[in-house]
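A short worksheet on the structure shown next.
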Amino acid sequence: MNDQCLISRRIAAVVVIVAALVVAGCASTSTPSPVDRGGQAGVRGDGAAQMAIKDGYTVKKGDTLYSIALDNGLDYKELAAWNNIENPNLILVGQVLRVKAPGAAAGDGVVVRPVTTGSTIEQRTLAGSDKLKREPKAGKEPYSEQALARAKQKTVEPVAAAVPKNKPKSETPSDEKASDSSSGEDIAWLWPANGKLVGTFSEGGSKGIDIGGRSGDAVLAAAAGKVVYSGSGLRGYGKLVIVKHNNNYLTAYAHNQNVLVKEDQMVAKGQKIAEMGNTDADQVKLHFEVRRQGKPVDPLKHLPQR
C-alpha cells in the first residue's frame, strides 16, 4: 500500500513538471508586444527617419557641411537647419543628412508618427487617410447618417460654387511660367575677372576655370544673387565666396586675397565681391565655378565670348 502511494505521488510530480514545461514553451514562442521590443515598431514606422535615409547623403571622411552644401547647390545654413545641426563644423562620418527641403521630396506630405495608446503603439497617418466619422461640427444635433450627410453638403457646396465651370486655358501656362522664373535658365552672365584664361573645365578634373591676374585685381559677381558662403572652410579653395543666383544656379569664386562681402548679403551683377589672390593655390588666380543644382558645369558655355 505504501509502495502504491509512493508511485502515485511520483506520477503526480511528473505531471506537474510536464505541465510547467508546456506553459513555459508557449510563453517563449508568443510574439512580444511593440513595447517589449523596446520601441522598434515606433522607429520602423517613423516616416521622417525613412525619408532622411532614402533621400539623404551619408557623410564620408573629408566631408564638411560646406562642401556637402556646395555639391548639392545649397546654402549651408539651410542644410544645417534641415538637419538640426547647431555647429556647422561638427558632423560625423556615417551621419545621414537631408539634402532636400522638407516637403520637397515625394511622400513628404505624409507624416507617420508613433502614438502610444495604453501598452501598444499605433501609427497614425496625418495626411491621405480617411477622416473618422464624427458629429456635425457645431454639435447642435445628435449624430446620425442623415446629419453627417447634411454637414458634408454644407461644407462642399460653397467651394463648388466658387470654382468657375470653364477655366480659361491660358491660366495654367502663365502660372507655370511664373513659377519657373525663380529657377530660369536665362541668366545673363558676365566674366568675373579681366585676366587671361589659364585653366579650363574638364569632366572628372577641374570643376571650373582659372583666370590669371595680379594680387588685388577685382573679382566681380557674374550675376546678381545672394552670398551664401564667405570664408575659408573648404579645403583647396582658399578664401572663397559662393553666390546663389536662383533655385538652379550658384557660382564660386576661390583663392581670393581679400573677401569684400558677407554671408546673406545681396549683390548686384558686376559688383566687386573680392580681390584676386593665391590663398591655397600655387599662383595668383581666380578659380571660378558655375554649378547647376550642385553639379559643376563648364562656365565657358555660360559666359559671353570675349
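The values are calculated or read from the model by the stated rules, or taken from the named source; none is laboratory data. Everything numeric here is computed off the predicted structure, so don't read it as measured data. Here the Cβ is made from the backbone with ideal geometry for all residues, glycine too, and neighbour counts use every protein chain on show.
Being hydroxyl-bearing (Ser, Thr, Tyr), free of Cβ contacts under 8 Å to residues at least 60 places away in the same chain, surrounded by 13 or more Cβ atoms within 10 Å (Cβ to Cβ) and not assigned by TED's automatic domain parsing to the domain that holds Ile68 is a property that Ser230 has. Tell me which residues, restricted to the range 281-303, are under 21 Å from Leu74 (Cβ atoms) and outside any helix (DSSP H, G or I). Selection gives His287, Phe288, Glu289, Val290, Arg291, Arg292, Gln293, Gly294, Lys295, Pro296, Val297, His302. Residues in the range 273-295 that are surrounded by 15 or more Cβ atoms within 10 Å (Cβ to Cβ), of a type outside the set (Lys, Arg) and under 17 Å from Asn246 (Cβ atoms): Glu289, Val290, Gly294.
Scanning the range 188-208 finds no residues that are part of a strand (DSSP E or B) and crowded, with 20+ Cβ neighbours inside 10 Å.
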